[in-house]
Amino acid sequence: MPRIALGIEYDGSAFCGWQSQIHGVGVQSVLEHALTQVADHPIDVVAAGRTDAGVHAAMQVVHFDTAATRTERAWMLGGNSNLPQHVSVLWAREVPEAFHARFSAQARSYRYLILNRTPRPAIAFNRVCWIRDALDVDLMQAGAAQLMGEHDFSSFRAAECQARTPIRNLYEIKVQRHGEVLTLDVTANAFLHHMVRNIAGVLIAVGGGERPVQWVADVLAARDRRQGGVTAVPQGLYLVGVRYAAALQLPSMPAPPLTVVT
C-alpha cells in the first residue's frame, strides 16, 4: 500500500492543538477528514510533532497509507479543497514504506516570534508574543549559547511531558532582531513538551534585565522545572521545518521565510 508524505501549514489559533480534545477540534481531525474525501476511504495521519493549542506550523510533516491512486498534485489540491482556510497542504510526495514522519526525522526546527514594542499588536495578536519593555538581544543570545549541545533539559520540560528521557541535543539556537520583531530559532534532534516556550521564557527574563546571563546555565544545571521561570505564550511559536535523510528529497527543511504583519 503506497505511503504518502505531506507538508502542512496551519494557523494554530483556530484549533485546540494537533490532536482533537473534548473541548475542541484539532488540526489532525480536519486534515484526516479532508484526505478521506480525496481517497474515498478513511485516512489516518501521523505527524512529525504534536503542537499545542495556539501553536502554528509553517512546515509540519505527516504521512499516511492509502489504497487510492492519486497524483501528488491531486493530494495537494484535493486536500486543500476540503480543508478550512486555516490549514493548507503545501506539497505531497510518495515515500518508501519504511518512512515515518516522526521516527524518520533527524531534526526539527522551531521559531519563536516576539513583538517588542510599547503598543500591543492588533493584526498579529494571535501570531506573536508581545513584550512591551525593551529586550537586549545580545544578552539573550549570550544566554542561549549556554544551551547548545546535548543536555538534560528537565528544567525546560512541562510537568506533564511524557518523553522517556529529558536528554536532547540542541544543534542551533539563535536570537536576532528585525526591527520590532525578535526571532528565536532553535533546531534539535527532538523537543520536550513546552521546551521551546520555556527556553523563550528564560531568555525573555534575561533580555529584560530581570535575570543575569549566567542564570540560563544555572537553570539548565538545576534539572528542575520549578527553577525555570514563566512559560512563554503559545501564540509566538511556529514549527518551521523537519529534517529527513537527503535521499528522500523532501522539501521539508527549511520552511519558506516566515513573516508576520505587525
TODO: Could you tell me whether the range 73-85 includes any residue that is closer than 29 Å to Val181 by Cα and either without any contact (Cβ under 8 Å) to a residue 24 or more places away in the chain or assigned to a loop (DSSP other than H, G, I, E, B) (or both)?
DONE: yes
- [ ] Would you be able to tell me the number of residues in the range 27-49 that are assigned to a loop (DSSP other than H, G, I, E, B) and either in contact with a strand residue (DSSP E or B) (Cβ under 7 Å, 6 or more places away or on another chain) or of a type in the set (A, V, I, L, M) (or both)?
- [x] 5
Open item on the list: Criterion first (assigned by TED's automatic domain parsing to the domain that holds Ser88, over 16 Å from the mean Cα position of the chain (by Cα), surrounded by fewer than 16 Cβ atoms within 10 Å (Cβ to Cβ) and of a type in the set (S, T, N, Q)) does Thr66 satisfy it?
Closed with: no
Task: Unique residue being in contact with a Lys or Arg (Cβ under 7 Å, 6 or more places away or on another chain) and charged (D, E, K, R) when the list is Arg225, Arg197 - done: Arg225
Open item on the list: Of the residues Trp18, Trp75, only one is modelled with pLDDT of 95 or more, of a type in the set (Phe, Trp, Tyr) and either over 30 Å from Glu150 (Cβ atoms) or touching a His at 6+ places or on another chain (Cβ under 8 Å) (or both); which?
Closed with: Trp75
Task: Residue in the range 93-103 that is of a type in the set (Asp, Glu), part of a helix (DSSP H, G or I) and at pLDDT 95 or above present - done: no
Open item on the list: Looking at Ala190, Ala159, Ala247, Ala163 in this structure, which one is part of a helix (DSSP H, G or I), surrounded by fewer than 20 Cβ atoms within 10 Å (Cβ to Cβ) and not assigned by TED's automatic domain parsing to the domain that holds Phe99?
Closed with: Ala247
Task: Residue in the range 208-217 that is at pLDDT 95 or above, within 23 Å of Met253 (Cβ to Cβ) and surrounded by fewer than 17 Cβ atoms within 10 Å (Cβ to Cβ) present - done: no
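The values are calculated or read from the model by the stated rules, or taken from the named source; none is laboratory data. Fair warning: this is a prediction, and the values are worked out from it, not measured in the lab. With ideal geometry, Cβ positions are generated from the backbone for all residues, glycine too; neighbour counts draw on all protein chains shown.
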